[in-house]
Structures are given as structure tokens and as C-alpha cells.
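One structure below.
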Amino acid sequence: MYRKDSVAKEGDAGFPVESIRKRFPILHQEVNGRPLVYLDNAATSQKPLSVIQALNQYYSTDNANIHRGAHALAARATDQFERTRQMVKSFINSPSEEQVIFTKGTTEGINLVASSFGRKFIQEGDEIIISAMEHHSNIVPWQMLCEEKGAELKVIPITDEGELILETYEKLLTPKTKLVAIQHVSNALGTVHPISGIIEKAHEVGAKVLVDAAQSSSHFLVDVQALDCDFLAFSAHKLYGPTGLGILYGKRELLEVMPPYQGGGEMIKEVDFDGTTFNDIPFKFEAGTPNIADVIAFQKALEFIQELGKDRILAHENELLSYATDKLGSIKGFIPVGTASQKVSVLSFLINGMHPFDVGMMLDAMGIAVRTGHHCAQPLMKRFNIEGTVRASFAVYNTKQEIDTLYNSLSRIAKRKN
Ligand code: C6P
């Protein structure tokens, strides 16, 4: 039932990491006099040159507003914009491109569902389930909705290792549960949740499921039909694409009956002062001029991922994670936070006797970029009785040598207190 959705893969000795690095201009610089080691990929990944050039190209040759102009530039921009939708459809295996909605990011996708699905389908006394590990983006919109509607928010607790307690989840599920909103992968700990089983169980009581795929879509295949999720949200900027762009997938029968999220141009069929008829999906949910350039440039990020293959990307990242876990684990005073059996890309930790922010600042002085703090998961930090962690997160262009650099720097930092 809770099969481990397969994430463990062998490393790939022939993985062309050096030639991949050449495609990311930003990596080739010094920070504080040292070669940059960028290990903050869970916050945002860097962009290959092809994405940067696509933005330049669009503004240099094709810039126009879409879906409305009768001229050549408008037609080109519209074609390219809709081509990205087709590519995203294939990327997540959506049954149709109409079910792919462009948003600002994961946050907006979740807010769209909370506002629209929530407004129509959540009533007083209903229950929404989230987990204790959620990002604030997947907590606050549901709190706001519950407050407005008189519904109740239930929280799946977690173990000390950072895994969901699934027995409690099953007990929380009742006919009152209308929605389960859950991350696929934890941004703060890297835990990969057994999402297929979680979705199956929710459906047994008739609840819908929203998957926050912000941290999974860049690492492994996310197939919305195989998962059978009702909604799935992710951000392009964690997938080697531009910032300010996200995708919301939804099941057709839900999207069609949900009210619009925002009113404005593009989302209407006809407007009269007596009333307005709304456009079909996906346009009903895309009011106003969208982020055209970034949508178009996102094609290049998807092509980059396809060219390498998700399996190989995951194998490389898993090898880095297990190398880093073993190596950093040998440092005196190193305390890992989150030791789930299924993890991807993220190593969260503390150094005994030191504030995570200070560790982050010292690493920055040595050219190493990591994130420190609560990672927008304050309830999770409270669960562990800590203020925050230091988080190193890996992507396709990271190397074992960079982890060695992190190890050497951290060893020196930890020695001061341990
Ligand atoms: N996490 C991190 O450093 P946006 O900001 O909308 O692109 O994504 C929000 C979001 C939602 N869910 C999860 C699981 C996430 O990890 C994030 C973004 C970044 O961990 C920035 S706080």
C-alpha cells in the first residue's frame, strides 16, 4: 500500500558533469576570493545558457502580447507560449494541455486551489489534512481557508527521523476530509514521502489530493496520471528554468467546475455589465498578460532535463547525497537533521554549539552557498525544537569535489567548538 515510490538509483560513472557545468555561466566565478560552490539548489537552481539566451532571443525578435494580436509577432509569441504548454503536458504526463495552468510559482498554484476549489467545495465542519513538514506555502492558504469557512486543519505528525506517521494519517482520514494537501519531497529535510499510497488512502474516503511537487519535479519523474493526484503544483525556477513561473495541473472535471481565481482579460468569453461568461480551461485561470518570456524560455530548461534524462539526473544526485551524508557525518560535532530512509538532494544539519546562521556566513566567506534558517517550515523546526538548520542541496551540476570543499571548510568551522 505505502510502496516506496522508487527513488534509489545507482550512480552513473560516465555522467558528463564537467560538460554540464560548462553550460551554466554563473558557476564560473569566484565568491569571496574562492571558486563558487553553489549548494542552495532547493531554494533555486541555476540556469543553463540556453535558457538565458532564449529570454534574450524572445525580447530581441518576438516580443508581443499573446492570444490577442492579429500580427506576425503576436502569432509567433502565442505559438511559442502554447508550445511550452504542450511540453509541460508531456513532462508531467497530463492527459491534455488544457489541464496545464501557468502561475507565478508553486505558491500561487496552491493559493489558486485554496481560493477557487476551496471557495466552492469546502464547507463548515469539513477537514483538510496537511503534514507537520509542509512549507508555509502549503500551510497558510489552508489556514486562511479554514478560518473563512469554519473548516478544520488536521496535521499528520512526523517521527524524529523526519518521516510521516502514516498510521496516524489513516486515522485522520474520515468522510469529513475534503482535501489532503501534501508535499512530495520535504524542502527542509529531503524526505521523499510515499505519495502514491497517501493519494490512494485519501481517495478511499472521497478526499481530493493536492501534491506540492516544488521539490520533487526537478529530481524524478512526476507522472500525474500514474499518481492519480487531483492537483499538482511546481515552480520552474527549481527546474533550471526562470523565476516567476509555475505550473498547476488539475483534473479536468475539477478545473471545469471551479470558479475563476482572478478576474480580468483573457479569462472571459464575453463581458457585459449584466454579467460575464468565463473562458474555457486553462484560460479561465490565467487572467491578465502572463509571464510570456519566461514561459517560452522554460522550453529550454525542459529540453535540458530531457536531454540528460531524469533517471541519470537522479542517479547522480543520489550519489552526491550519499557521498555527502557519509563524509560530513564523520565531522566531529556534525548533527544531521532528517535521516529518513528515502531522501533526495537535501542534507540538513547543525554544528554542535554553533548557530546555523553563523555556519552559513562562515561557509559564504569560503565561497560556499548554502541556505540557513527555518526554510519556510517553522512548524517543522518547532517539532525538532530548533530554530533552523544549515541546508546543502544538490543539483545536476554539483560534483564530489565540491562536497570535499564543503567537508574541508565545515571541518575547520566545527573544530572551533568541538
Ligand atoms: N522552497 C526553499 O528554499 P515558490 O516560492 O512558490 O517557487 O515555492 C514555494 C515552495 C513550496 N513548497 C515547497 C516544498 C518548497 O520548497 C517551496 C520553495 C524554497 O526551500 C524557497 S522558500
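If I go through the stretch 10-23 residue by residue, how many of them are loosely packed, with under 12 Cβ neighbours inside 10 Å and either at pLDDT 95 or above or not in a loop (DSSP other than H, G, I, E, B) (or both)? Matching residues across the stretch 10-23 total 2. Before we move on, is TYR397 within 22 Å of the chain's Cα centre (by Cα), away from the ligand (no atom under 16 Å from the Cβ) and either farther than 22 Å from HIS184 by Cβ or assigned to a helix (DSSP H, G or I) (or both)? So TYR397 passes the test. In the stretch 176-188, the residues that are on the phi > 0 side of the Ramachandran plot and within 15 Å of the ligand (Cβ to nearest atom) never reach a residue that is part of a strand (DSSP E or B) and among the basic types (Lys, Arg) with C-beta atoms less than 8 angstrom apart, at least six apart or across chains.
Results for (1) within 18 Å of THR243 (Cα to Cα); (2) touching a Cys at 6+ places or on another chain (Cβ under 8 Å); (3) in the same structural domain as ALA202 (by TED's automatic domain parsing); (4) at pLDDT below 95, shown as yes or no for each residue.
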| site | (1), (2), (3), (4) |
| --- | --- |
| ALA8 | no, no, no, yes |
| PRO25 | yes, no, no, no |
| VAL31 | no, no, no, no |
| GLN57 | yes, no, yes, no |
| ASP62 | no, no, yes, no |
| ASN65 | no, no, yes, no |
| GLY69 | no, no, yes, yes |
| ALA74 | no, no, yes, no |
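Among the numbered conditions (1) of a type in the set (A, V, I, L, M); (2) under 21 Å from the mean Cα position of the chain (by Cα); (3) part of a helix (DSSP H, G or I), the only one that VAL222 does not meet is (3). Among the residues making up the stretch 232-246, a single one is more than 11 Å from the ligand (Cβ to nearest atom) and either within 18 Å of VAL113 (Cα to Cα) or outside the structural domain of THR103 (by TED's automatic domain parsing) (or both): LEU232. Restricting attention to the stretch 228-250, the residues that are buried (at least 22 other Cβ atoms within 10 Å of the Cβ) and either free of Cβ contacts under 8 Å to residues at least 40 places away in the same chain or assigned to a strand (DSSP E or B) (or both) add up to 12.
Residue-by-condition table, conditions (1) more than 29 Å from SER19 (Cα to Cα); (2) of a type in the set (Gly, Ala, Ser); (3) not in a strand (DSSP E or B):
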{"position": "GLU256", "(1), (2), (3)": "yes, no, yes"}
{"position": "GLU270", "(1), (2), (3)": "yes, no, no"}
{"position": "ASP280", "(1), (2), (3)": "yes, no, yes"}
{"position": "LEU314", "(1), (2), (3)": "no, no, yes"}
{"position": "SER322", "(1), (2), (3)": "no, yes, yes"}
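The one condition from (1) touching a Lys or Arg at 6+ places or on another chain (Cβ under 6 Å); (2) within 16 Å of the ligand (Cβ to nearest atom); (3) in a loop (DSSP other than H, G, I, E, B) that SER348 does not meet is (3).
Residue-wise test of (1) within 16 Å of GLY288 (Cα to Cα); (2) among the polar types (S, T, N, Q).
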site: GLN53; (1), (2): no, yes
site: ARG76; (1), (2): no, no
site: PHE81; (1), (2): yes, no
site: ILE101; (1), (2): yes, no
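A count restricted to the stretch 64-91 and to residues that are away from the ligand (no atom under 16 Å from the Cβ), part of a helix (DSSP H, G or I) and touching a residue at least 60 places away in the same chain (Cβ under 8 Å) stands at 8.
Can you spot a residue in the stretch 346-354 that is buried (at least 17 other Cβ atoms within 10 Å of the Cβ) and over 30 Å from ILE313 (Cβ atoms)? There is at least one residue in the stretch 346-354 that is buried (at least 17 other Cβ atoms within 10 Å of the Cβ) and over 30 Å from ILE313 (Cβ atoms). Only a single criterion out of (1) at pLDDT 95 or above; (2) at negative phi is not satisfied by GLY338, namely (2). Somewhere in the stretch 374-388, is a residue among the β-branched types (Val, Ile, Thr), assigned by TED's automatic domain parsing to the domain that holds LEU350, crowded, with 23+ Cβ neighbours inside 10 Å and in contact (Cβ under 8 Å) with a residue 12 or more places away in the chain? No: zero hits.
When ASP311 is tested against (1) surrounded by fewer than 17 Cβ atoms within 10 Å (Cβ to Cβ); (2) within 16 Å of the ligand (Cβ to nearest atom), exactly one condition is not met: (2). State whether one or more residues within the stretch 34-55 are more than 30 Å from ASN398 (Cα to Cα) and at pLDDT 95 or above. For the stretch 34-55, residues more than 30 Å from ASN398 (Cα to Cα) and at pLDDT 95 or above: absent.
The values are calculated or read from the model by the stated rules, or taken from the named source; none is laboratory data. What you see is a predicted model, and the numbers here were worked out from it, not measured in a lab. Here the Cβ is made from the backbone with ideal geometry for all residues, glycine too, and neighbour counts use every protein chain on show.
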